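Everything below concerns the one structure shown next.
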Amino acid sequence: MGATVTLDLQINRLGFWSAVVAIATTVITFFIPLDVPDGYNASHADRIAWLSANSGTFILGWINQIVAMLSLSGVFFGIAWHISKRDPLRGIIAALIVFSSFIAFIIPKFIAVWTIPLLAQTISTEAVGADLADPLLRLLNVSVPFSLYTSFDYLGFWLYAVFGLLVAGPLYGENMSAKIAAVTIGIFGLLYHGLLAALLLGTIAPPEIESLFLGASGLLLIVVVAMMASFRRIMFLPLLATGSVPK
(Lines give C-alpha, C1' and ligand atoms only; values in the text may rest on other atoms or scores of the structure.)
Protein backbone atom coordinates (compact mmCIF):
# COMPACT_ATOMS: atom_id res chain seq x y z
CA MET A 1 0.00 0.00 0.00
CA GLY A 2 1.34 3.43 -0.96
CA ALA A 3 1.68 6.49 1.21
CA THR A 4 -1.65 7.91 0.06
CA VAL A 5 -4.43 7.16 2.50
CA THR A 6 -7.72 6.70 0.68
CA LEU A 7 -10.98 8.17 1.88
CA ASP A 8 -12.37 4.67 2.24
CA LEU A 9 -9.56 3.68 4.56
CA GLN A 10 -9.95 6.88 6.59
CA ILE A 11 -13.67 6.32 7.10
CA ASN A 12 -13.16 2.70 8.09
CA ARG A 13 -10.51 3.80 10.59
CA LEU A 14 -12.99 6.35 11.92
CA GLY A 15 -15.61 3.63 12.24
CA PHE A 16 -13.22 1.24 13.97
CA TRP A 17 -11.93 3.71 16.56
CA SER A 18 -15.42 5.10 17.08
CA ALA A 19 -16.52 1.56 17.94
CA VAL A 20 -13.66 1.21 20.41
CA VAL A 21 -14.60 4.48 22.11
CA ALA A 22 -18.31 3.57 22.11
CA ILE A 23 -17.57 0.33 23.97
CA ALA A 24 -15.31 2.13 26.46
CA THR A 25 -17.90 4.83 27.21
CA THR A 26 -20.58 2.17 27.64
CA VAL A 27 -18.48 0.52 30.33
CA ILE A 28 -17.88 3.89 32.03
CA THR A 29 -21.64 4.52 32.08
CA PHE A 30 -22.11 1.73 34.63
CA PHE A 31 -19.88 3.55 37.11
CA ILE A 32 -21.11 7.16 36.81
CA PRO A 33 -24.70 8.04 37.86
CA LEU A 34 -26.66 10.23 35.46
CA ASP A 35 -29.34 11.27 37.94
CA VAL A 36 -30.49 10.92 41.52
CA PRO A 37 -31.02 7.23 42.49
CA ASP A 38 -34.50 5.98 41.53
CA GLY A 39 -34.86 9.11 39.44
CA TYR A 40 -38.38 8.42 38.20
CA ASN A 41 -39.81 8.26 41.72
CA ALA A 42 -37.47 10.78 43.37
CA SER A 43 -39.02 14.01 44.58
CA HIS A 44 -38.09 17.37 43.11
CA ALA A 45 -36.44 18.35 46.40
CA ASP A 46 -34.35 15.16 46.43
CA ARG A 47 -33.19 15.83 42.86
CA ILE A 48 -32.14 19.38 43.72
CA ALA A 49 -30.23 18.20 46.78
CA TRP A 50 -28.51 15.41 44.84
CA LEU A 51 -27.57 17.68 41.94
CA SER A 52 -26.18 20.29 44.30
CA ALA A 53 -24.03 17.71 46.10
CA ASN A 54 -22.97 15.76 42.99
CA SER A 55 -22.80 18.36 40.24
CA GLY A 56 -19.25 17.33 39.23
CA THR A 57 -20.19 13.66 38.91
CA PHE A 58 -23.37 14.57 37.03
CA ILE A 59 -21.45 16.72 34.54
CA LEU A 60 -18.77 14.07 34.08
CA GLY A 61 -21.41 11.42 33.45
CA TRP A 62 -23.09 13.46 30.75
CA ILE A 63 -19.80 14.42 29.12
CA ASN A 64 -19.21 10.69 28.85
CA GLN A 65 -22.65 10.40 27.21
CA ILE A 66 -21.69 13.09 24.69
CA VAL A 67 -18.54 11.15 23.80
CA ALA A 68 -20.61 7.95 23.55
CA MET A 69 -23.09 9.62 21.22
CA LEU A 70 -20.32 11.07 19.04
CA SER A 71 -18.60 7.70 18.79
CA LEU A 72 -21.85 5.89 17.95
CA SER A 73 -22.48 8.50 15.26
CA GLY A 74 -19.02 7.68 13.88
CA VAL A 75 -19.90 3.98 13.71
CA PHE A 76 -23.20 4.71 11.98
CA PHE A 77 -21.55 7.08 9.53
CA GLY A 78 -19.14 4.27 8.71
CA ILE A 79 -22.13 1.99 8.08
CA ALA A 80 -23.72 4.62 5.82
CA TRP A 81 -20.46 4.83 3.85
CA HIS A 82 -20.26 1.04 3.71
CA ILE A 83 -23.74 0.61 2.21
CA SER A 84 -23.29 3.52 -0.21
CA LYS A 85 -21.12 1.24 -2.34
CA ARG A 86 -24.15 -0.98 -2.95
CA ASP A 87 -26.95 1.56 -2.73
CA PRO A 88 -25.72 5.17 -3.02
CA LEU A 89 -29.12 6.74 -2.41
CA ARG A 90 -29.71 4.78 0.80
CA GLY A 91 -26.20 5.66 1.88
CA ILE A 92 -26.87 9.39 1.47
CA ILE A 93 -30.22 9.20 3.27
CA ALA A 94 -28.67 7.12 6.07
CA ALA A 95 -25.90 9.70 6.54
CA LEU A 96 -28.52 12.47 6.76
CA ILE A 97 -30.41 10.48 9.41
CA VAL A 98 -27.20 10.06 11.41
CA PHE A 99 -26.67 13.82 11.26
CA SER A 100 -30.28 14.44 12.36
CA SER A 101 -29.87 12.05 15.30
CA PHE A 102 -26.68 13.87 16.27
CA ILE A 103 -28.63 17.14 16.50
CA ALA A 104 -31.42 15.47 18.50
CA PHE A 105 -28.95 14.00 21.00
CA ILE A 106 -26.49 16.88 21.38
CA ILE A 107 -29.19 19.35 22.49
CA PRO A 108 -30.30 17.55 25.69
CA LYS A 109 -26.79 16.35 26.53
CA PHE A 110 -25.41 19.88 26.34
CA ILE A 111 -28.34 21.02 28.50
CA ALA A 112 -27.35 18.36 31.05
CA VAL A 113 -23.77 19.63 31.18
CA TRP A 114 -24.51 23.35 31.05
CA THR A 115 -28.04 24.16 32.20
CA ILE A 116 -29.20 21.58 34.74
CA PRO A 117 -26.32 22.02 37.24
CA LEU A 118 -26.76 25.80 37.07
CA LEU A 119 -30.50 25.47 37.66
CA ALA A 120 -29.95 23.25 40.71
CA GLN A 121 -27.33 25.61 42.10
CA THR A 122 -29.57 28.64 41.59
CA ILE A 123 -32.51 26.96 43.32
CA SER A 124 -30.51 25.58 46.25
CA THR A 125 -28.84 28.95 46.97
CA GLU A 126 -32.05 30.90 46.30
CA ALA A 127 -30.09 33.16 43.99
CA VAL A 128 -31.56 35.62 41.51
CA GLY A 129 -33.70 33.71 39.01
CA ALA A 130 -34.60 30.85 41.37
CA ASP A 131 -38.30 31.33 40.64
CA LEU A 132 -37.59 30.75 36.93
CA ALA A 133 -35.07 27.96 37.52
CA ASP A 134 -37.47 25.76 39.51
CA PRO A 135 -40.06 25.10 36.76
CA LEU A 136 -37.30 24.80 34.17
CA LEU A 137 -35.60 22.05 36.18
CA ARG A 138 -38.90 20.18 36.38
CA LEU A 139 -39.23 20.37 32.59
CA LEU A 140 -35.67 19.10 32.17
CA ASN A 141 -36.01 16.04 34.38
CA VAL A 142 -33.61 13.47 32.89
CA SER A 143 -35.46 10.44 34.31
CA VAL A 144 -39.12 11.15 33.50
CA PRO A 145 -39.77 9.77 29.99
CA PHE A 146 -42.28 12.48 29.06
CA SER A 147 -40.18 15.50 30.07
CA LEU A 148 -38.96 17.99 27.48
CA TYR A 149 -35.43 16.69 28.05
CA THR A 150 -36.06 13.00 27.49
CA SER A 151 -38.27 13.69 24.47
CA PHE A 152 -35.15 14.72 22.55
CA ASP A 153 -33.35 11.56 23.64
CA TYR A 154 -36.16 9.28 22.50
CA LEU A 155 -36.33 11.22 19.23
CA GLY A 156 -32.66 10.41 18.70
CA PHE A 157 -33.23 6.72 19.36
CA TRP A 158 -36.22 6.70 17.00
CA LEU A 159 -33.96 8.11 14.28
CA TYR A 160 -31.52 5.29 15.05
CA ALA A 161 -34.41 2.85 14.53
CA VAL A 162 -35.25 4.43 11.16
CA PHE A 163 -31.57 4.21 10.28
CA GLY A 164 -31.57 0.52 11.23
CA LEU A 165 -34.47 -0.31 8.93
CA LEU A 166 -32.86 1.65 6.12
CA VAL A 167 -29.41 0.05 6.25
CA ALA A 168 -30.17 -3.53 7.32
CA GLY A 169 -30.66 -4.85 3.78
CA PRO A 170 -27.63 -3.31 2.04
CA LEU A 171 -25.41 -3.98 5.07
CA TYR A 172 -26.06 -7.72 4.88
CA GLY A 173 -22.83 -8.26 3.02
CA GLU A 174 -19.99 -10.59 2.32
CA ASN A 175 -18.54 -11.16 5.81
CA MET A 176 -20.13 -12.63 8.92
CA SER A 177 -19.59 -9.58 11.14
CA ALA A 178 -21.47 -7.34 8.69
CA LYS A 179 -24.29 -9.88 8.53
CA ILE A 180 -24.56 -9.97 12.34
CA ALA A 181 -24.63 -6.17 12.44
CA ALA A 182 -27.27 -6.03 9.69
CA VAL A 183 -29.60 -8.54 11.35
CA THR A 184 -29.20 -6.94 14.80
CA ILE A 185 -29.77 -3.36 13.68
CA GLY A 186 -32.76 -4.50 11.62
CA ILE A 187 -34.25 -6.22 14.68
CA PHE A 188 -33.61 -3.06 16.70
CA GLY A 189 -35.45 -0.96 14.11
CA LEU A 190 -38.45 -3.30 14.09
CA LEU A 191 -38.52 -3.69 17.87
CA TYR A 192 -38.27 0.03 18.55
CA HIS A 193 -41.10 0.82 16.14
CA GLY A 194 -43.17 -1.96 17.68
CA LEU A 195 -42.63 -0.47 21.13
CA LEU A 196 -43.49 2.98 19.79
CA ALA A 197 -46.75 1.65 18.34
CA ALA A 198 -47.57 -0.04 21.66
CA LEU A 199 -46.86 3.21 23.51
CA LEU A 200 -49.10 5.25 21.22
CA LEU A 201 -51.87 2.65 21.61
CA GLY A 202 -51.62 3.01 25.40
CA THR A 203 -50.40 -0.49 26.23
CA ILE A 204 -47.11 0.74 27.79
CA ALA A 205 -47.29 2.73 31.02
CA PRO A 206 -44.89 5.67 31.57
CA PRO A 207 -42.86 3.87 34.29
CA GLU A 208 -42.13 1.06 31.80
CA ILE A 209 -40.85 3.30 28.99
CA GLU A 210 -37.24 3.61 30.11
CA SER A 211 -36.66 -0.11 30.76
CA LEU A 212 -38.34 -1.22 27.53
CA PHE A 213 -37.01 1.38 25.10
CA LEU A 214 -33.49 1.64 26.51
CA GLY A 215 -33.41 -2.13 26.89
CA ALA A 216 -34.09 -2.46 23.17
CA SER A 217 -31.34 0.07 22.50
CA GLY A 218 -28.89 -2.35 24.11
CA LEU A 219 -28.93 -4.21 20.79
CA LEU A 220 -26.86 -1.36 19.37
CA LEU A 221 -23.89 -2.57 21.40
CA ILE A 222 -23.93 -5.83 19.42
CA VAL A 223 -23.96 -3.77 16.23
CA VAL A 224 -20.95 -1.77 17.42
CA VAL A 225 -18.93 -4.88 18.28
CA ALA A 226 -19.79 -6.58 14.99
CA MET A 227 -18.97 -3.48 12.95
CA MET A 228 -15.68 -3.03 14.79
CA ALA A 229 -14.63 -6.41 13.42
CA SER A 230 -15.92 -5.49 9.97
CA PHE A 231 -14.12 -2.14 9.91
CA ARG A 232 -10.90 -3.78 11.09
CA ARG A 233 -11.11 -6.38 8.32
CA ILE A 234 -11.55 -3.66 5.67
CA MET A 235 -8.67 -1.65 7.14
CA PHE A 236 -6.34 -4.63 6.67
CA LEU A 237 -7.51 -5.61 3.17
CA PRO A 238 -4.62 -3.76 1.45
CA LEU A 239 -2.14 -5.60 3.70
CA LEU A 240 -3.87 -8.91 3.04
CA ALA A 241 -3.58 -8.31 -0.68
CA THR A 242 0.20 -7.86 -0.40
CA GLY A 243 0.66 -10.72 2.04
CA SER A 244 1.96 -8.42 4.78
CA VAL A 245 -0.34 -9.93 7.40
CA PRO A 246 -1.77 -13.42 7.80
CA LYS A 247 -5.03 -13.99 5.95
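When L159 is tested against (1) in contact with a helix residue (DSSP H, G or I) (Cβ under 8 Å, 6 or more places away or on another chain); (2) over 19 Å from L72 (Cα atoms), just one condition goes unmet, and that condition is (2).
Within region 34-51, can you find the residues that are within 18 Å of the chain's Cα centre (by Cα) and either closer than 11 Å to N64 by Cα or hydrophobic (A, V, I, L, M, F, W, C) (or both)? Don't jump to the end; show me each part of the working.
Looking only at region 34-51, we keep the residues that are within 18 Å of the chain's Cα centre (by Cα), and these are 34-35.
Within region 34-51, just L34 meets the criteria.
Filtering region 102-148 to residues that are among the charged types (D, E, K, R) and under 28 Å from L72 (Cα atoms) leaves only K109. Of I97, I92, I106, I79, all but one fail to be assigned to a helix (DSSP H, G or I), within 18 Å of I63 (Cβ to Cβ) and modelled with pLDDT of 95 or more; the exception is I106. Select from region 83-92 the residues that are in contact with a helix residue (DSSP H, G or I) (Cβ under 9 Å, 6 or more places away or on another chain) and either surrounded by 23 or more Cβ atoms within 10 Å (Cβ to Cβ) or not basic (K, R) (or both) and write down the one among them that is farthest from S55 (Cα to Cα). By that ranking, first place goes to D87.
Inclusion of G202 among residues that are surrounded by fewer than 18 Cβ atoms within 10 Å (Cβ to Cβ), closer than 26 Å to N141 by Cα and modelled with pLDDT of 95 or more is not warranted.
Of A120, A80, A95, all but one fail to be closer than 27 Å to F188 by Cα, crowded, with 19+ Cβ neighbours inside 10 Å and not charged (D, E, K, R); the exception is A80.
Residue by residue through region 18-48, note down the ones that are acidic (D, E) and free of Cβ contacts under 8 Å to residues at least 60 places away in the same chain. It would help to see each step written out before you state the result.
Going through region 18-48, the residues acidic (D, E) turn out to be 35, 38, 46.
Within region 18-48, D38, D46 meet the criteria.
This table checks each residue for (1) in contact with a Cys (Cβ under 7 Å, 6 or more places away or on another chain); (2) surrounded by fewer than 16 Cβ atoms within 10 Å (Cβ to Cβ); (3) of a type in the set (G, A, S).
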| position | (1), (2), (3) |
| --- | --- |
| S43 | no, yes, yes |
| T57 | no, yes, no |
| L72 | no, no, no |
| F99 | no, yes, no |
| P135 | no, yes, no |
| V144 | no, no, no |
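Only one of the numbered conditions (1) surrounded by fewer than 16 Cβ atoms within 10 Å (Cβ to Cβ); (2) at negative phi; (3) among the small types (G, A, S) is violated by S177, and that is (1).
The values are calculated or read from the model by the stated rules, or taken from the named source; none is laboratory data. Computed from a predicted model, the values in this text were never measured in an experiment. As a convention, Cβ positions derive from the backbone with ideal geometry for all residues, glycine included, and neighbour counts pool all protein chains shown.
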